[in-house]
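*Asks:* Mind looking over this structure? Questions follow.
The values are calculated or read from the model by the stated rules, or taken from the named source; none is laboratory data. The structure presented is a predicted model; accordingly, all values stated were derived computationally and were not measured. For neighbour counting, all protein chains shown are included, and Cβ atoms are generated from backbone atoms with ideal geometry for every residue, glycine included.
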Amino acid sequence: MIILVNVDAIILIGTSDSLLTSFISSPKTESSMKDLGSLHYFLGIEATFDTSASKLLLTQNKYSLDLLRKHDLLGCKPCETPVACGPRVSAYDGMLLKDAAAYRSLVGGFQYLTLTRPDISYAVNYVSQFMHFPTETHLQLAKRILRYTKGSLGQGITLSSTGNFSELVAYCDSDWSGRPDTRKSTSGYCVFVGGNLVSWSSKKQHTISRSSTEAEYWGLANVATEILWLSYLFEELFVYLFIPCKLYCDNMGAGSLTENPIFHARTKHIEVDYHMIRDLVKSDFLKVSYIHTLSQIADLFTKGLLKSQFSLLKNKLMPAVPSSV
């Protein structure tokens, strides 16, 4: 039995109904518990079961509608992508907002929405970088995310019990020198276990990379750490992963560096701690493979994409669920 506790909200997961019932009805120690039945709502996350397909859909429809209502955009026109494809906005573009608190409240609300909407992770990371001095231009970027959310209500994370839970597959990508003000890169990754999306990230790198290979290599080291942590977590849950875990990137240079122990002139400046990924590859825990850019799912977490490419990758990240679910 696994117990997930958040203040006074608890989720029980177990392999035996009688065990769960016994735990709930056991003599009370310090507090009482009330059985609310099968999981359907938890901390703003809605859970819908499709027993015929052995699937669980996690969404935040009510939370999304509350955000739209709070910012007077319930009647807005939907758009098909959360961020436009093209040059990125500078921190200095546009007139400063008179009420920066409203912008910060909106972007802060997006942070929680990314728990079930990985497709907006990059866009939220993008607008979060203007929190100190938001402008009218930045506000329009944030409102675009709301418009996209309205047009994609009902979408979320789908978890299936029919996959091979011993198989872990990850995708990693970096957009080199994408920030116009600092020239820092953005890295993103997504991790699947048994075909289920379990972890994802879109994050600006802390340092400035001097080459695309370094930017990609930094991203590989970052997701390698996440994969290692997940392996420990699943082991505690008695789920043993098939080794080596698969990690795909679309930069051949970065992939080669994970196996090549020789420092090339262009990579001497990379900090030594990033080379921990080499140890994971050498120990056969991780296998880094090349994947074509057009098939790189992690592209969603590093840049704005055209509608066609965005839809293609989003369907791989978040498979469509029948409307009856």
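*Asks:* Given segment 1-117, what strands (runs of 3 or more DSSP E) lie entirely inside it while holding 3 or more residues that are β-branched (Val, Ile, Thr)? If you could, list the steps in order and put the result at the bottom.
*Replies:* Working: elements: 2-6, 9-13, 45-50, 55-59.
In segment 1-117, 2-6, 9-13 are the strands (runs of 3 or more DSSP E) which contain 3 or more residues that are β-branched (Val, Ile, Thr).
*Asks:* What residue, among those in segment 172-199 that are polar (S, T, N, Q) and without any contact (Cβ under 8 Å) to a residue 60 or more places away in the chain, is surrounded by the most Cβ atoms within 10 Å (Cβ to Cβ)? Please lay out each step first, then the result.
*Replies:* Here is the first cut: in segment 172-199, the residues polar (S, T, N, Q) are 174, 177, 182, 185-187, 196, 199.
Going one step further and asking which of them are without any contact (Cβ under 8 Å) to a residue 60 or more places away in the chain, we end up with 177, 182, 185, 196, 199.
Values: Ser177: 18, Thr182: 13, Ser185: 24, Asn196: 17, Ser199: 18.
Top of the filtered list is Ser185.
*Asks:* Does segment 148-173 hold any residues that are at pLDDT 95 or above, part of a strand (DSSP E or B) and hydroxyl-bearing (Ser, Thr, Tyr), and which are they?
*Replies:* Tyr171
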